[in-house]
Amino acid sequence: MAITMTEAAARHVQKSINKRGKGVGLRLAVKTSGCSGLSYAIEFADETSPEDIAFETHGLQLLVDQKSLPFLDGTQLDFVREGLNEGFKFNNPNSKAECGCGESFAV
C-alpha cells in the first residue's frame, strides 16, 4: 500500500508549510458526498496522531486514516496549473467514475 505525491505537489506543499511556519505534510481522507458518492478531503497536518497511517514522500508526510486507505491506495497527488487555475489533482487508480466538478468520484 502506498500513497505518493509528485515533485510539483511536494514543492507546493513545502512552500505552503514554510509560509504557515509549521506542518509535517498533508492529511488526506475520503468522505461520503459529492455527485459521484465520495469526495476527497485534504488539509495541512501539523503533527501526526496514533491513528494516522503515514507515507513519506519527498521529505513530507501524507497521513491517511484507516477507513480512507482502501479508497486512496495507489493514489498519486499532483499539483497542476491549467490556464489561470491551479490546484491538487488526485491520480487515483481506484476511481471508476468522476463527476464534472472534479471533486467527487466513485469506486
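Structure data summary
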quantity: Selection within region 28-75 - buried (at least 18 other Cβ atoms within 10 Å of the Cβ), part of a strand (DSSP E or B) and among the β-branched types (V, I, T); calculated: V30, T57, V64
quantity: Residue match in region 11-20 (condition: within 11 Å of the chain's Cα centre (by Cα) and either part of a strand (DSSP E or B) or modelled with pLDDT under 90 (or both)); calculated: no
quantity: Residue count, region 76-107 (criterion: open to solvent by 50 Å² or more (accessible area, probe 1.4 Å), within 20 Å of T6 (Cα to Cα) and at pLDDT 80 or above); calculated: 10
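The values are calculated or read from the model by the stated rules, or taken from the named source; none is laboratory data. What you see is a predicted model; the values in this text were computed from it and never measured. Methodologically, a virtual Cβ is constructed for each residue, glycine included, from the backbone with ideal geometry; neighbour enumeration extends over all protein chains shown. With ligands, DNA and RNA removed, areas are computed over all heavy atoms of the protein, side chains included. Shrake-Rupley method; radii C 1.70, N 1.55, O 1.52, S 1.80 Å.
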